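Below is a structure I'd like to ask you about.
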């Protein structure tokens, strides 16, 4: 169920929201929802990468928690140069495990 929340924004931020909303051909509320969803997705990914970097989660768990595919997480790990210890054998095992999910 959706809830209404109030947020204080600087005049400059609000002008930027309105400019982007106009370019997106949408209203201010919809634009803000899109921006928040995008920010939340990035925050989930950043958190998962941080926990992976600190050795708190496996790469599969990091992908799951971030809401992305294992392939996407592997690409992020490569791009961020995070040592994962995840090799071809691990990928094969995870792919076999995915085949058993129902």
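If you check residue 64 against the conditions, is it surrounded by 12 or more Cβ atoms within 10 Å (Cβ to Cβ) and touching a helix residue (DSSP H, G or I) at 6+ places or on another chain (Cβ under 9 Å)?
Here the answer is yes, as residue 64 does meet what is asked.
Quick one: is residue 13 assigned to a helix (DSSP H, G or I) and exposed (fewer than 14 other Cβ atoms within 10 Å of the Cβ)?
yes
Scan 19, 41, 34, 51 and give me the residue that is part of a helix (DSSP H, G or I) and either exposed (fewer than 12 other Cβ atoms within 10 Å of the Cβ) or in contact with a strand residue (DSSP E or B) (Cβ under 6 Å, 6 or more places away or on another chain) (or both).
19
The rows are residues; the columns are (1) under 21 Å from the mean Cα position of the chain (by Cα); (2) free of Cβ contacts under 8 Å to residues at least 24 places away in the same chain; (3) over 16 Å from residue 76 (Cβ atoms).
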position: 11; (1), (2), (3): no, yes, yes
position: 26; (1), (2), (3): no, yes, yes
position: 30; (1), (2), (3): yes, yes, yes
position: 40; (1), (2), (3): yes, yes, yes
position: 43; (1), (2), (3): yes, yes, no
position: 52; (1), (2), (3): yes, no, no
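Scan the range 66-88 and give yes if some residue there is assigned to a helix (DSSP H, G or I), modelled with pLDDT under 75 and on the phi < 0 side of the Ramachandran plot, otherwise no.
Scanning the range 66-88 turns up at least one residue that is assigned to a helix (DSSP H, G or I), modelled with pLDDT under 75 and on the phi < 0 side of the Ramachandran plot.
State all residues of the range 22-31 that are surrounded by 13 or more Cβ atoms within 10 Å (Cβ to Cβ) and not in a helix (DSSP H, G or I); if no residue qualifies, say none.
Listed by number, the list holds a single entry, 26.
The values are calculated or read from the model by the stated rules, or taken from the named source; none is laboratory data. Note that the structure is a prediction, hence the values are computed from the model and not measured. Don't worry about glycine lacking a Cβ; one is built from the backbone with ideal geometry, like all the others, and counts go over all protein chains shown.
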